[in-house]
Amino acid sequence: MDLIHKFLNLVAPPFTFFSLCLFLPPFMCYKFFLSVFNSIFSEDVAGKVILITGASSGIGEHMAYEYASRGACLALCARRERSLGEVADRARDIGSPDVITIRADVSKVDDCRHIVEETINHFGRLDHLVNNAGITSVALFEDTDDITNFKYIMDTNFWGSVYTTRFAVPHLRYTRGKIVVLSSSASWLPAPRMSFYNASKAAMLQFFETLRVELAPDVDITIVTPGFIESELTQGKFFTREGKIEVDQELTDVQVGTIPVQPVSSCAKSIVNSACRGDRYLTEPSWFKITYWVKVLCPELIEWSYRLSYLARPEEPATEAPSKKVLDVTGAKNVSYPSTIHSPDIKTE
């Protein structure tokens, strides 16, 4: 057995390299023509049923508006019933022929079952499932007194998507529907203070990549990996080391730094376009894909830049990190952040 592995250690790398040199150009041409074809013959979602979790704000809210503008029927789910109702009213005004709202916490498996059952009972079918509900956490691992508090991050971001998908899959197979997964570029970037959030998004990415194999060809899956998008997360709402949801724009400024924040409406439009084309992956904004290749090719560079820019000295508060200082000195926030982030009006319940 050792001899086999020694042989493969010698042969596999050069064989793979030369195989890619031969295979990659025609494969890329095939993908190009396929993307053009899918763009021309994109799915028409008018009259189709779209289930969106975490639809009361941010990307989920604006995806509801984008689907509504295309004539889709909507099942909108979130914990905040009042905000959800406001989104539903606007979606109807925009053009959705039928909208229902379902108050639910996706971290609870029974709520996820209820979401799908209510959708099927009302509409009789399901065409797109958008796993959008999520929450971020900002805390250094060593500063967390009770790490069990952070189970909620995984329960919401990962298990919430898993639960909902499990109950939705039979209906999506029947309609040959689609799953849209809101993972994150955090799934490959080791941003400090976000270890639990990063892990939950990485788990989502790998889970749904595996599910893509299991559900093909009946169900298509589009995995979205956004960078920094205008939302409650970039407005300072996050899970603290004490296990509470709070709003702290100063600490969020440390995490975002001078990186431009994309307006949520354009992000939502790109996601819906991508889902209708049947894309496998989407990164928004598209330039943020550069960080993936830097991570793959030069991981030390990513780690070094994060340590240098995002961590203050041990005796200093997090807001003394260079990323925050550069943001304040240059005034970059006035240019690279959407106006809603300057004066957020969000709730923590």
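Quick notes on this structure:
- Scanning the range 271-321 for residues that are small (G, A, S), open to solvent by 50 Å² or more (accessible area, probe 1.4 Å) and touching a strand residue (DSSP E or B) at 6+ places or on another chain (Cβ under 6 Å) gives no hits.
- Evaluated against (1) under 30 Å from Q235 (Cβ atoms); (2) more than 27 Å from the chain's Cα centre (by Cα), A68 falls short on exactly one condition, (2).
- The single condition among (1) hydrophobic (A, V, I, L, M, F, W, C); (2) under 30 Å from D89 (Cβ atoms); (3) open to solvent by 40 Å² or more (accessible area, probe 1.4 Å) that A64 does not satisfy is (3).
- Evaluated against (1) free of Cβ contacts under 8 Å to residues at least 24 places away in the same chain; (2) assigned to a helix (DSSP H, G or I); (3) under 15 Å from P192 (Cβ atoms), T319 falls short on exactly one condition, (1).
- If you go through the range 80-107 and pick out every residue that is open to solvent by 70 Å² or more (accessible area, probe 1.4 Å) and either over 19 Å from T156 (Cα atoms) or in contact (Cβ under 8 Å) with a residue 40 or more places away in the chain (or both), you end up with 7.
- Conditions (1) in a helix (DSSP H, G or I); (2) surrounded by 13 or more Cβ atoms within 10 Å (Cβ to Cβ); number of the one not met by T16: (2)
- So D146, is it of a type in the set (D, E), touching a residue at least 60 places away in the same chain (Cβ under 8 Å) and crowded, with 17+ Cβ neighbours inside 10 Å: no
- Strands (runs of 3 or more DSSP E) enclosed by the range 165-278 - at least 2 residues per element that are modelled with pLDDT under 90: 237-239, 245-247
- Residue selected from the range 173-193 under the condition closer than 17 Å to Y292 by Cα and under 15 Å from the mean Cα position of the chain (by Cα), by the criterion most open to solvent (accessible area, probe 1.4 Å): W188
- Looking at T252, T240, just one residue is touching a strand residue (DSSP E or B) at 6+ places or on another chain (Cβ under 8 Å), in contact (Cβ under 8 Å) with a residue 40 or more places away in the chain and surrounded by fewer than 21 Cβ atoms within 10 Å (Cβ to Cβ), and that residue is T240.
- Qualifying residues in the range 199-223 (those that are within 16 Å of the chain's Cα centre (by Cα) and open to solvent by 20 Å² or more (accessible area, probe 1.4 Å)) - the one nearest to R313 (Cα to Cα): A199
- Pairs, first closer than 15 Å to L282 by Cα and aliphatic (A, V, I, L, M) in the range 196-225, second open to solvent by 50 Å² or more (accessible area, probe 1.4 Å) and in a strand (DSSP E or B), C-beta under 7 Å, six or more apart: I223/Y281
- Count of residues meeting criterion [open to solvent by 80 Å² or more (accessible area, probe 1.4 Å) and either more than 25 Å from Y65 (Cβ to Cβ) or among the β-branched types (V, I, T) (or both)] in the range 25-51: 7
The values are calculated or read from the model by the stated rules, or taken from the named source; none is laboratory data. Here the structure is a predicted model, which is why all the values come from computation and not from measurement. Ideal geometry is used to build each Cβ from the backbone, glycine not excepted, and the neighbour counts take in all protein chains shown. With ligands, DNA and RNA removed, areas are computed over all heavy atoms of the protein, side chains included. Shrake-Rupley method; radii C 1.70, N 1.55, O 1.52, S 1.80 Å.
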